[in-house]
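Undergrad: One structure follows; several queries about it will come next.
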Amino acid sequence: MVRARRPSAQTILVLGALAEEPSVWRYGYELGQQVGLKAGSLYPILVRLHDRGLLESSWESEPSPGRPPRHLYRLTGDGLRWAAEVTAEAAPRGAVGPSRLQEA
């Protein structure tokens, strides 16, 4: 029997940020800046969400000259539904933000 674990506060932050504009593709770096996570925390979360079918990813089709293409991310339909569920569950316990993460 597989038990579903409650997502971490960091995962909830990422889901909430992605759910703000679900149709917009997001770069990992800008997402990390928005939620206050460094690459070592952010990218494993993105990989797990992608592996579970909650996040789709794509490569940038037209990168800026002199720079390699970046990976882009956005929630799938299932990911958007799950994001709404877990962020709603987190709200009664208090807003989950970068400052709350430092308290934990």
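None of the figures in this text is laboratory data; all of them are computed from the coordinates on show. This is a predicted model, so every value here is computed, not measured. Note that each Cβ is placed from the backbone with ideal geometry, even for glycine, and that neighbours are counted across all protein chains shown.
Undergrad: I want to verify the translational diffusion coefficient of segment 9-94 in µm²/s; compute it with Stokes-Einstein, Rh as the Kirkwood radius over Cα pairs, at 37 °C and 0.692 mPa s.
TA: It comes out at roughly 248 µm²/s.
Undergrad: Could you give the length gained by full extension between Asp78 and Val24, i.e. 0.36 nm per residue of separation minus their alpha carbon distance, to one decimal place?
TA: Using 0.36 nm per residue and subtracting the Cα-Cα distance, I get 17.9 nm.
Undergrad: Picking from Ile12, Trp25, Ala83, whose Cα lies most toward the positive end of the charge dipole for segment 9-94 (charges on Cβ: Lys, Arg +1; Asp, Glu -1)?
TA: Towards the positive end, the residue furthest out is Ile12.
Undergrad: By average Cβ neighbour count within 10 Å, what is the ranking of 75-82, 47-54 from highest down?
TA: Going by the mean number of other Cβ atoms within 10 Å, highest first, we get 75-82, 47-54.
Undergrad: Give me, ordered by chain and number, the residues 5 or more places off Leu55 or on other chains with an amide H under 5 Å from its own placed amide H.
TA: Amide H neighbours of Leu55: His50, Thr76.
Undergrad: Please list 3J(HN,Hα) in residue order for segment 21-27, calculated via the Karplus relation 6.51 cos²θ - 1.76 cosθ + 1.60 where θ = phi - 60°; whole Hz, with x for glycine and proline.
TA: Once θ is set to phi - 60°, the couplings for segment 21-27 become 9, x, 8, 8, 6, 10, 7 Hz.
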